[in-house]
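The values are calculated or read from the model by the stated rules, or taken from the named source; none is laboratory data. The structure displayed is predicted, hence computed values, not measured ones. Cβ coordinates were reconstructed from backbone atoms using ideal geometry, including for glycine residues, and neighbour counts include every protein chain displayed.
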Amino acid sequence: MNRADLVDSVAKATGQTKLNVHNTLSAVLHTITGALCRGDRVTLVGFGTLERRQRQARMGVNPQNPKQKLRIAAARVPAFRAGQELKDIVDGRAKLPALPKSVVGEAKPGKAAQAVQPKKKAKVHSPKKGVSKKRRR
């Protein structure tokens with residue numbers, strides 16, 4: 001599943017527009033990324049924990065020339081540790097619970113119930129600077 005598939009799936013499950021779901025997902029990912037950059041830990045109970053870890057410098061091997069040794073620099077890397085509930089569901093020991101009624105849209109909104117999106121205005125292209133139009137005489 002890629003990002004577009006995730007947006008489609010959440011939009012169908014909640015009855016929201018794809019634009020709203022896309023904006024919400026972007027805001028969530030942006031917030032999580034910012035927290036990890038600051039060194040904060042993000043814990044989603046039942047799902048897992050995202051954190052930043054320090055990877056030490058080490059010696060590696062060049063795969064094209066196994067006799068050549070390479071020094072791999074130290075780095076800060078993101079890490080995910082799955083929560084127990086997620087582990088149980090993926091392993092089949094637990095069943096995926098249904099979405100709460102507060103999340104699931106009771107009826108799919110019609111055109112009247114959806115937010116009206118303003119139409120985009122057509123772009124008017126002005127001539128580029130330095131290019132003059134031929135004048136008629």
Looking at region 59-82 only, could you name the residues that are modelled with pLDDT under 95 and part of a loop (DSSP other than H, G, I, E, B)? PRO63, GLN64
Output the residues belonging to region 11-33 that are in contact (Cβ under 8 Å) with a residue 40 or more places away in the chain and either surrounded by 14 or more Cβ atoms within 10 Å (Cβ to Cβ) or not in a helix (DSSP H, G or I) (or both). THR14, GLY15, GLN16, THR17, ASN20
